[in-house]
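These notes are about the structure you will find just below.
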Amino acid sequence: MKKQRFYYVIKLQYLGFRFSGWQKQPGQKTVEGMITKTLKFILPNSEFKILSAGRTDSKVSALDAAFELFINEPLTDFEAFIGLFNKNLPSDIRVMSIKEVNEDFNIIQDPKVKEYVYLFSYGSKNHPYSSPFITNVLDELDLELMKKAASLYVGTHDLSVYTVKAQNNAHKKRTITSCEIIENKILQANFFPEKSYAFRVEGPGFMRYQIRMMMGALIQLGKGELLFADIENSLSNPESIELTYVAPGSGLLLNRLDLD
């Protein structure tokens, strides 16, 4: 006899600075590992598994992430569940909401839009407390040239130069619906620099390191280490250029996740 299952989507936020990414790894502190450990504690008599809408890398944070919970018994009081969950999670992970879905829902395959932002500043040394949130480039950057180049990424392109070589068999054509560099109004703190910036990228899905390598290329462009034509060629003729700089994970955060 088939066991009855119940399905829930849980939205959460986390600061990734002390985690080795989302995915559970032996001997590493990860967000998935901490979520699973906490669920085992608060649901000791339940059989469950979780599935994420996407994996974030080491030190990457999220303001709007989600995972699906598959469980063998219903959750009857959402407010009490969220309260108990948050009480037992560490302070750098917070559950925001829960909703029930049916068995046809697929958190990986169903249509969604993701918006990532990469926060950075340049020109002078930041307060040390900024380091979990903002990548600090000490060199001067040509910000206007970087803004102009960021707009080139909008559309559907072969982005094979913007991911790790180990993924050579992966689907390399990706669609970016919006891409820009704007002044950072997303996160604010009294120890942040007077001005910081957000590289904002929106699309249905991204490859490993894609946004960090896009940011890395823009930083190199701003420093004068790459030409504007190099960014153009990376999209029109990716075999003609090799990009190696991956911007640090701590500047990147998942800002919005819209599930269908």
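The values are calculated or read from the model by the stated rules, or taken from the named source; none is laboratory data. Predicted model only: the values in this text are computed from it and were never measured. Ideal geometry is used to build each Cβ from the backbone, glycine not excepted, and the neighbour counts take in all protein chains shown.
Hey, any hits in segment 35-53 for a residue that's part of a helix (DSSP H, G or I), outside the structural domain of Leu253 (by TED's automatic domain parsing) and touching a Pro at 6+ places or on another chain (Cβ under 9 Å)?
Yes, there is a match, as at least one residue in segment 35-53 is part of a helix (DSSP H, G or I), outside the structural domain of Leu253 (by TED's automatic domain parsing) and touching a Pro at 6+ places or on another chain (Cβ under 9 Å).
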* Report yes if Ser91 is surrounded by fewer than 18 Cβ atoms within 10 Å (Cβ to Cβ), closer than 30 Å to Ser196 by Cα and of a type in the set (Ser, Thr, Tyr), otherwise no. => yes
* For segment 148-160, how many residues are of a type outside the set (D, E, K, R), assigned to a strand (DSSP E or B) and either in contact with a Cys (Cβ under 6 Å, 6 or more places away or on another chain) or touching a residue at least 24 places away in the same chain (Cβ under 8 Å) (or both)? -> 1
* Structure fact -> Of those in segment 224-248 that are touching a Phe, Trp or Tyr at 6+ places or on another chain (Cβ under 9 Å) and of a type outside the set (A, V, I, L, M), the residue modelled with the lowest pLDDT is Pro238
* Structure fact -> Scanning segment 133-147 residue by residue, those in contact with a strand residue (DSSP E or B) (Cβ under 8 Å, 6 or more places away or on another chain) and either modelled with pLDDT under 95 or not in a loop (DSSP other than H, G, I, E, B) (or both) turn out to be Thr135, Asn136, Val137, Leu143, Met146, Lys147
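Right, Ser20: surrounded by 12 or more Cβ atoms within 10 Å (Cβ to Cβ), outside the structural domain of Thr135 (by TED's automatic domain parsing), assigned to a loop (DSSP other than H, G, I, E, B) and of a type in the set (S, T, N, Q) or not?
Considered against the rule, which asks whether it is surrounded by 12 or more Cβ atoms within 10 Å (Cβ to Cβ), outside the structural domain of Thr135 (by TED's automatic domain parsing), assigned to a loop (DSSP other than H, G, I, E, B) and of a type in the set (S, T, N, Q), Ser20 comes out as yes.
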* Asked: What do you reckon, is Gly83 in a loop (DSSP other than H, G, I, E, B) and more than 20 Å from Gln4 (Cα to Cα)?
  -> no
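Yes or no, residue by residue, for (1) assigned by TED's automatic domain parsing to the domain that holds Glu68; (2) within 25 Å of Ile108 (Cα to Cα); (3) surrounded by fewer than 18 Cβ atoms within 10 Å (Cβ to Cβ):
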site: Phe191; (1), (2), (3): no, no, yes
site: Ile211; (1), (2), (3): no, yes, no
site: Met214; (1), (2), (3): no, yes, no
site: Leu221; (1), (2), (3): no, no, no
site: Leu226; (1), (2), (3): no, no, no
site: Asp230; (1), (2), (3): no, no, yes
site: Glu242; (1), (2), (3): no, no, yes
site: Ala247; (1), (2), (3): no, no, no
site: Asn255; (1), (2), (3): no, yes, no
* Asked: Quick check: is even one residue across segment 44-63 farther than 26 Å from Gln109 by Cβ and over 23 Å from the mean Cα position of the chain (by Cα)?
  -> yes
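Looking at Ile211, Ile241, can you tell me which residue is in contact (Cβ under 8 Å) with a residue 12 or more places away in the chain and closer than 30 Å to Ser52 by Cβ?
Only one candidate qualifies: Ile211.
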* To do: For residues that are surrounded by 14 or more Cβ atoms within 10 Å (Cβ to Cβ) and more than 25 Å from the chain's Cα centre (by Cα), tally how many sit in segment 135-144.
  => 1
* Asked: Does Ala62 qualify as being among the aliphatic types (A, V, I, L, M) and surrounded by fewer than 13 Cβ atoms within 10 Å (Cβ to Cβ)?
  -> no
* Being polar (S, T, N, Q), part of a loop (DSSP other than H, G, I, E, B) and without any contact (Cβ under 8 Å) to a residue 60 or more places away in the chain is the filter here, so list the residues in segment 88-124 that pass it. => Ser91, Asn106, Gln109
* Only one of (1) of a type in the set (A, V, I, L, M); (2) assigned by TED's automatic domain parsing to the domain that holds Gly54; (3) touching a Phe, Trp or Tyr at 6+ places or on another chain (Cβ under 7 Å) is not met by Met96, so which one is it? -> (3)
* Answer yes if at least one residue in segment 178-193 is basic (Lys, Arg) and not in a loop (DSSP other than H, G, I, E, B), and no otherwise. => no
